[in-house]
Amino acid sequence: MELKTLFEQAVANSKLLSSKPDNETLLKLYSLYKQATEGDAPEEGPSNPFDIVGKAKHQAWQAIKGLTNEGAMQQYIDLVTSLQGK
């Protein structure tokens with residue numbers, strides 16, 4: 001099956017997990033999704049100093065800067081599969 005199709009299936013499966021992942025795992029899922037769909041994070045993060053969640057998401061996304069779209073898709077698929085217990 002094509003990587004993009006597997007990725008889209010993993011995105012759908014991530015919404016059907018039996019239990020909510022911890023915050024660290026959620027940030028990893030977010031950053032891999034953004035890297036796979038948009039590429040590298042912009043240099044500037046949220047401008048609101050009180051947007052703690054937004055800043056955490058931006059930092060997680062920036063931490064994987066340079067990862068290819070395909071690499072991010074594969075890591076996302078692997079992470080969702082491990083969360084499903086397969």
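Data overview
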| read-out | value |
| --- | --- |
| Meets criteria (β-branched (V, I, T), touching a residue at least 12 places away in the same chain (Cβ under 8 Å) and out of contact with any Lys or Arg (no Cβ under 9 Å at 6 or more places or on another chain)) for I77 | yes |
| Failed criterion for L32 (all others in (1) over 13 Å from A63 (Cβ atoms); (2) buried (at least 18 other Cβ atoms within 10 Å of the Cβ); (3) not small (G, A, S) hold) | (1) |
| Pairs where the first residue, in region 38-56, is over 28 Å from K4 (Cβ atoms) and the second is assigned to a loop (DSSP other than H, G, I, E, B), C-beta under 6 Å, 6+ apart | K55/G45; K55/P46 |
| Test result for A41, buried (at least 18 other Cβ atoms within 10 Å of the Cβ), part of a loop (DSSP other than H, G, I, E, B) and at pLDDT 95 or above | yes |
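The values are calculated or read from the model by the stated rules, or taken from the named source; none is laboratory data. The structure displayed is predicted, hence computed values, not measured ones. Note: ideal-geometry Cβ built from the backbone for every residue, glycine included; neighbour counts use all protein chains shown.
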